[in-house]
Structures are given as C-alpha cells and as structure tokens.
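Since the structure comes first, as structure tokens, the remarks are kept for the end.
The values are calculated or read from the model by the stated rules, or taken from the named source; none is laboratory data. Quantities reported herein were computed from a predicted structural model and do not represent experimental measurements. A quick note on method: Cβ atoms are made from the backbone with ideal geometry, for glycine too, and the neighbour counts reach across all protein chains shown. Each accessible area value is taken on the protein alone, full model and side chains, heavy atoms only, with ligands, DNA and RNA left out. Shrake-Rupley method; radii C 1.70, N 1.55, O 1.52, S 1.80 Å.
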Amino acid sequence: MDIPVQIAIRLKPPSLADSTQCIFSNPVTQIVITESGQTFHVNRALPVDCTQAHLFNSFMIPQINCFLDGCDTSVVIFGQSKTGKTYTLFGPGFECIHSECDQGIVPRFLTEIFHKLNQMPEREFVLHITWMQVVNNNIFDVLGAGLVRCNNVEETFQYLQMGWRQRCQGNNHTVFTVSVEQKWVGTNGVLNHRMSTASFCDLAAYPDPGLYALENILKELLAGNPPKQINYDRCILTAMLRDSFGGRAFTWVIGCISAEPEDYQDTLKILNLCLCCRGIKNFVTVNLFADNNTPVYGEKTILPNTDNNFNLQFATAQWIKLVSNAEGLFNKILQSKSLTEADINQVSEWLFLKAECDECLNSDNVVDNKDVNTKQGLPRIAEDTEPSELSESDVDSDSEEDTHSDTVFQDKLEKFMEYFREKNDQLFAERCEEYLNHVDSDDITISETSGSQSLPIMTSQSNSGRRRTIQPGESLSGAELELLRKVAAKAISPESQKILIESRKKDLDPEPKLIERELLKMIDTPKIDEICKKYKMTKEKYTQKQILARKLSKEISSTQSQLKELINLCIAKERLIDELTRTLLHNNENKPSEKGIECSVIDQDTIKEIKRHETNLKTYKKQIEQIKKQIKKDEKRKNTLDIELVKDKLKLDELSDTSVDVKDKKVNSLKHFTNRITQLDSILKEKTNDLENTDLSKDKELMLRKEIKNLRKTRECLHDQRCSLGHKRKVYKSLSDSEERKLLECEEAIEAIDTAIEYKNNLICGKSPSASLSDSQDNKDSRSRGEQMLMARLDKLSHDEMKTLLYRYFQKVVDLRGACAALEAGAASAADEAAAWRARAAAAWRHAQRLKPHAHTRHFQSIHRCLDSGNAERALSLGMTSDSETSDDAMRLVNRMKQLARYPAPPVIPSQNLRQLMPATNIPVAKVTKEKNKLVIIQQNKKH
Ligand SMILES: Nc1ncnc2c1ncn2[C@@H]1O[C@H](COP(=O)(O)OP(=O)(O)OP(=O)(O)O)[C@@H](O)[C@H]1O
C-alpha cells in the first residue's frame, strides 16, 4: 500500500514565559502559521504545551498496531540544535530523577510493544534493539554489541540507560531500531510468521553533509525518480534511511522547531524540509517469512475412529487445508498488487467468506465438546463417552454400556453427518454452480469423447453476488472444462442427464440448479431419514427392553438365591425341630419319676422352642411360596420381554438391512463427495495458481511487448543510420574509419536486437527461448568442464557486470568484424591482381606461341647472314643463344660452324668492291614508257 510520509510539527516551548513567538500551531486545523501569515498544512500540528504522552498517543498508537502486524515503521526527527529532538525521541534521560511522564517516543514505544505482546500469549516473539550514531560519516555502535536481544521492558531500559551514558554528544545523527520477529497460529489454523522493524532517527542540525545528502535524496524522490534509481549509498545516513524515504516503512517525520524570532530563518528551513517529505510515498507492506500462511495442524485433528466418521474428518481436514492454501495464495496475490480492482474485490470477498466459514466451523454450536482446540480448524469430532439420561438407569453390565454409548454415538454421528452434509452441500453447490454458471453459453456441449458419461455444461448469467466470489469458469481451459464435465458426470444419474439433454434439445435454458438438486438428492432422500428415525426409535425401545429384561433376570436370580436361602433355612429349622422333638422324647423315656417336675419344666421349654421354630418354619414356607410366586411372575414377564425382544430384534434386523443399505449409500455418497471435493479443490488450487500465473504472465507479457516495441524503435534508428552510411559509401566510394566502424556497430547492434526480439517473442509464446543456455540436465552433462565453470561464473555475475561484459564483447565483435572486412578487401585486391597477372601471362604465352616459328626462322636467317658475311663470331654468339638443338636448322648451323672452325676465314673485302663482286642479286629492271609513237625502255636498278 502506498502511504505518504506523515508530518508532525512540535514547537519547543519558549525559554521565557513572556518571550515573543513568531510561529504558531493550530492543532484543530493542523496548520502551522508564521507571524508573516505563511501557513503550512501538516498531519499533526502539535501545540506548544504538548506533553510527551499527548505526542505519543496522537500518532504512535496506530504505528504500533502497524508494527505488530508486521510492517516496518519509522520516525525521523528534523530540527535545529536544541529544539528538543532528543527530548522528543528519548526524553530528558533514563536516570531515576526523571519522571516517567517525560519519557520520549522510544521508551514509550518499547513499553507498549512489550505490553501488547504479553497480552497475546499465543505469539512467540524475539525482540532486538540496536543503537547507532553517525559521527562524521562514521558509524558508531552505542551499545557496542550490534543487535541486542531484549526479553522484557526492564532489560530494554537497562540498555537504554547504558546507551544514554555511552552515546556521543554533539551534532550527529542517532538511529535507534527495534526489530521483532513474531510467530503464531491464527484461528484459521495457519501459521503467521512476520518480521517488523521500527527505526527512530534523531537527525543532526544544519549544517551537516549527511543532512544535505538526505535533502538531495528527498528532492530526487519528489522529482518522481523511482527509489530503485536513487543512490542511497552516497553516505551512511542516507543508506540507513533507505526504508524511511521511498522504502517500505510507515514513516512519520517530526519537525522540532523553535518559536523564537531569532531562530525564524532556521525554522522556515526545517518547515520547508518537512513539507518536502509530505510528497513522498512509501510502499508499506507486511514482511512475511516464507512459511507464513502455511497450515498448522496438531496430531489431534485426525482421529482414529470408526470408518464412518474417519472419512468425514479426513474430508474436513483436507478441505480446510486446501481452502487455507487458497487463502494464502489469495493473500499473496492481493499483496502483489497485480490484480485489477474487480479481481481484488472478488478475492477479498472470497477471503471474507472463508473467514465466515471458519467462524462457523469453529463455533461451539457445532461441536458439543468445548475442550476442542479451536485453533486447529474444524473442532475435533470426539467420541462422547459421557453418561447421559440412559446411564442413570441401573445398568451395570459392560455390554449395556457399550450399547448405550453406541446409541449416543449414533446420535452424534447423525448430527455431524447432518451438519457436514449441510455445509458440504452448501459449499459444493456454490462451487458447482460457479463452475457451471460461468461457462459461456457457446459451451453447451456434450463431450463426444466421454460418451454417455458426458455432461452438458450449461450457463446462466444469473448469479448472486456471493456466488460470484470465485469465477474460475471465466478462464477455464478446455482441459479443465473436460475435467469438470467428467467430475460432474460421475455424480449425475443417467436420468438427470437425459432430462438435461432433453431440456437442451427443447432449446430451453436449463435451470442450473437442476444439477445441484440432482447432486443433493443423492444424499438427501427423505426415505433415508425416515428409515433412520424408525431404526433409531426401535433400537431405543429394544435397548430399553433389553435393559428391563436384564433387570428382571437379575431380580429373578436374586429372588431365586433368596428362595434358596429360605429353603435352606427351612431345612435347617426342620432338622432342628426334629432334633428337639427327638431329645424331648428321649428325655421322657429315660428320666426317673422323682425328677418329673424338673423334667417337665425342661420339656416345656423344648416344646416352646419347637413351636417357635415351627412358626418360623411356617413363615419361611409362606415366604418361599411368595417368592416362588414372584419368581414365576417375573419369569413370565421376562418371557414376554424376551419374546418382545426377539420381535424387536427381527424388526431391527429388518430395518438394519435397509439402513445398512442406506448407510452404505450414505458412506458411498460421502466418499464420493469427499473425492469430488478433493478434485474440485485441486481445480480451485490450479485455478488459483493459474490466476496468479496469468496475472503475473499478463504483466510480464505486457512488459515484454513494451520492451519489444522499444527495441523495434531502436532498431529502426539503427537501420536508418546504417542506410545513410551505406548511401554515403555508395556516393563517395569510401567512408572514414570512424564511419566504417559506426556502420559495423549498427549492423552488429541490429543483429543483437533481432536476437533479443526473437528471444522476447519466444518468451511471450511460452517457448523456451534459450534452450542452449537452459540448465537442463542434458545440457549440463554435455558441457565440458570448462564450459560448466564458465556458466557457473556467468550465473554469479551481477546485472551490471553482465552489462559491462556484454558491451565489451560487442566492441570486440565490432573490432573483429572491422579487421575481417579489411582482410577481405586486401584479399579481394590481391585476387584481382593475381587475376590480372594471370591474364597477362596467358596473353604473353599466346603471343609467344604465335611468334615462335617466325622468330626461329629470323634467328637462323640472321645467323646464316652473319656466316655468309663472314662474321663468324657474331654467328657463333647468335648460335649460342639459339635454342634449337633438336631442330634441323640448328643442326645445319652447327655443321656450318664446325666447317668454319676448320677452315680459316676469307680475306676481308672492302665494301665498295664487295658490291662489284656481288653476284647479280640486283636484277636490272626495265621501265617501258611510250613517247609519241616510240617505245622508250630504260634499264634501272631495283634499288633506285
Ligand atoms: N518540549 C519540551 N519540553 C520540555 N523541555 C524541552 C522540550 N524540548 C526541549 N526541551 C529541553 O531542551 C533542551 C534541549 O533539547 P534537546 O537536547 O532534546 O535538543 P536537540 O534538538 O536534541 O539538541 P541537539 O541537536 O543539540 O542534540 C533539553 O534540556 C530538553 O530537556
């Protein structure tokens, strides 16, 4: 979320009560006004008498909440010297003499944080503090221990005291940070793992190089430069405040100003600087760890139980996991800000509905057992072994208890099934409708491939807002639709398919809820409920009768034992009476008469005793009779009960057959639906992933297209440049060296741009653009060790390094191409020269061939002439130069030479004589002319 930096202005109270004030603040209108009437609108215009507590409460409480939610926060204080910057941040000091009321923002913040965290025992947290000072662009660790872990407020205050003593006094910057890592399991059963940092910066007063550097950064940010392009590392202070300005922190800037007239100019400067910050927006976001939002389930969640509720529990657990996964993804997508507003609304609605479901699932109405840990998603469906109404009856046998708990369990199970069915149906129907409703009407098709199992997918534009929470149908791929058809087809009876097909044939818009109803019918048949109720009632009666029967038989057996005892007593009494009677008779027979009076007294006693015993015996016998009667009665009752029990048993068996059938059906339906839920959830998950990917890839695609567009523009420019250079070369036949190089660069750059465009196009089309560079196993294996090392190094290169490297290679390539072009030109001219020479040689050869016979002849003629003229030496030298050893002329010449060598040379004749001596080689020529009827013949030499 983009949040502008917030501004608060605090006026230092005047040193003297009656001193004049040149700056005023209006906390109602949040305006700071100068004596000249200049106004500054700020977020908090704090009054002169503003207390430390008021300052803290007026804007730090929301900061604390934000911080505990996992966002970074920051407080930066500007102000001239002695305007109360340190006082605002820390207070007057940490000694006991100082009142707690004077505590500044930092101690209050720490106290509040510990207080709040202690109020949330479910949160595990680790808190660290650091206290740094920037003195002359050098960093100084006030606490001397870097990050210091604090477990409670007391410990933290000890460090504050220590730091207060150790800190450097003077005009320097102080940065105090508090970082907290928190971990807790939310009510939805997912882990929250966050990290937040709060920084408190007490800036030095002007003039300070760090402050100037910060001022420049603020100006750059205000000019609209993205933070990524701003060099925060120009000094330590700016590097430390990277997050506060243009970063991810929720920042408050506090301007501490003096209201006194002599400080007016400095105050204006600080006010303007603070106002500068108002235009800066920070991207505040929750800092999450990778494991944030992962579902956390205790072992308690999945209970080993009967088959029936195991499925139920498993389905529920899976369901919750899947929905939580989707929730995590949705949260991430929301944070990524890659969604349109409509999408954000939908996702938010989904999250809201999910929260509603969680609330509902975790409510105590659903599950009686209140001990269930609500953090673990759906409360545990526990076996209820608590005694209920029936247990009050006199049931003492184990089997009775079992039967009783069975009944209770049956009830519970029914209840849970009912609940689960409702929820499941509701959720499933929603999903089903969403999927089916959002396919375009064109998609009403019956898949030919799936044969009779195929389902016509219908559409209806009707939708309720709630059901439009997720609209996967809008972007369902063909494969997904097919999967959905299959999933739905499995659940729909052939009859309903027929109805659907028929309704489609009639060209009616089939009611989308038909499918839903059909699905619901599968598990929600009234017959099943009736049977279940009847079975339940009969079973209850049967159990009661069983109990009664048991009670009776127990009573009978106890009466029988009582009877036995009485009978034994009677027997004993009879024996006693017999014995007494026998004694009495014996006494009467053996005793003398004188003792008669004494004897009769004893006899009377014995008689009395006998009589008493006989009366007792009679009573016993009566009792025995009564007991016998009672036993008979009880036995009769028991027999009746037994008969009834047998009858009931038969009835139960009968019902049970039906109910088992029904139960089986139910279990099957439940299983089936569990599977379907899993399938649908996997689709949902896929769709969620797709949604994320699509949105991401859409953005990416847009970006790529933009890049391609830009590249094309660049290419066009380069192309124009290349054309103009080419044209120039054509016209002037040559280019300067730099122009030649430029041309090469253009060509090379165009080639590189073409490759880049192709690469990006491939990315858009989803093709692997750099198969050769991709790190597939095959490629890795096929690379030599050297190549692998090179690739590993390239992988480690930073963006800038890569850019430099590429530029160098580009230059190298251009150099090489230049050298190559020069070489090619040299080679071409050499080849031309060679060709010219070859042509000349050929011509010479032909010429030589043509001239050869004449030359020979002329050569030999001249030799002969020399010989003839007697110039043997000349002839010899000419002969020496002749190359005609094999020719006849040569042979003849050689012979003549040999003769000349044998005979001496003739005497030298003067040339005039020689002419006379010459044979008539000059044949006289007669010229005949006609002069008047006369023929004139004139002899004349040829030479004349
Ligand atoms: N609002 C205030 N209420 C009471 N006392 C104040 C207030 N503001 C400042 N003081 C007092 O003014 C004095 C100077 O304040 P403080 O040291 O905080 O200024 P400072 O801007 O940090 O100065 P420096 O830049 O020199 O570090 C301190 O004694 C402080 O107690």
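Numbers for the structure displayed
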{"quantity": "Under-5 Å amide H pairs with residue 142, H placed in peptide plane, nonlocal only", "calculated": "131, 132, 133"}
{"quantity": "Alpha-carbon centroid distance for the pair the range 163-217 / the range 690-739, whole angstrom", "calculated": "46 Å"}
{"quantity": "C-alpha center-to-center spacing [the range 599-645, the range 801-851] in angstrom", "calculated": "144 Å"}
{"quantity": "For the range 149-284: rounded, prolate or oblate by the Cα gyration tensor [a/c cutoff 1.5]", "calculated": "oblate"}
{"quantity": "Per residue accessible area in Å² of the range 1-144, where ligands, DNA and RNA are left out and the probe is 1.4 Å", "calculated": "44 Å²"}
{"quantity": "Distant-in-sequence amide H partners of residue 75 (H built 1.01 Å from N, under 5 Å)", "calculated": "199, 200, 201, 252"}
{"quantity": "Heavy-atom accessible surface of the range 2-283: percent carbon and sulfur, 1.4 Å", "calculated": "52 percent"}
{"quantity": "When each of 82/269; 337/713; 332/423; 415/671; 219/269; 321/423 is checked by Cα-Cα distance, pairs over 22 Å", "calculated": "337/713; 332/423"}
{"quantity": "Accessible area per residue, Å², the range 527-730 with all protein chains present, probe 1.4 Å", "calculated": "70 Å²"}
{"quantity": "Cα Rg over Rh - the range 1-98, Kirkwood", "calculated": "0.99"}
{"quantity": "Karplus 3J(HN,Hα) series, Hz, for the range 122-132 with 6.51 cos²θ - 1.76 cosθ + 1.60 (x for Gly, Pro)", "calculated": "6, 8, 8, 8, 10, 10, 10, 10, 9, 9, 10"}
{"quantity": "Residue-by-residue Karplus 3J(HN,Hα) for the range 276-292, coefficients 6.51, -1.76, 1.60, Hz, glycine and proline x", "calculated": "4, 5, 4, x, 8, 10, 9, 8, 7, 9, 7, 8, 10, 7, 4, 8, 5"}
{"quantity": "Percent accessible area from carbon and sulfur atoms, the range 527-730, protein chains only, probe 1.4 Å", "calculated": "53 percent"}
{"quantity": "Formal net charge of residues neighbouring residue 209 (Cβ-Cβ distance under 15 Å; K, R +1; D, E -1)", "calculated": "-2"}
{"quantity": "Under the Karplus curve 6.51 cos²θ - 1.76 cosθ + 1.60, θ = phi - 60°, whole-Hz ³J(HN,Hα) for the range 616-631, x wherever Gly or Pro sits", "calculated": "4, 4, 4, 4, 4, 5, 4, 4, 4, 4, 4, 4, 4, 4, 4, 4"}
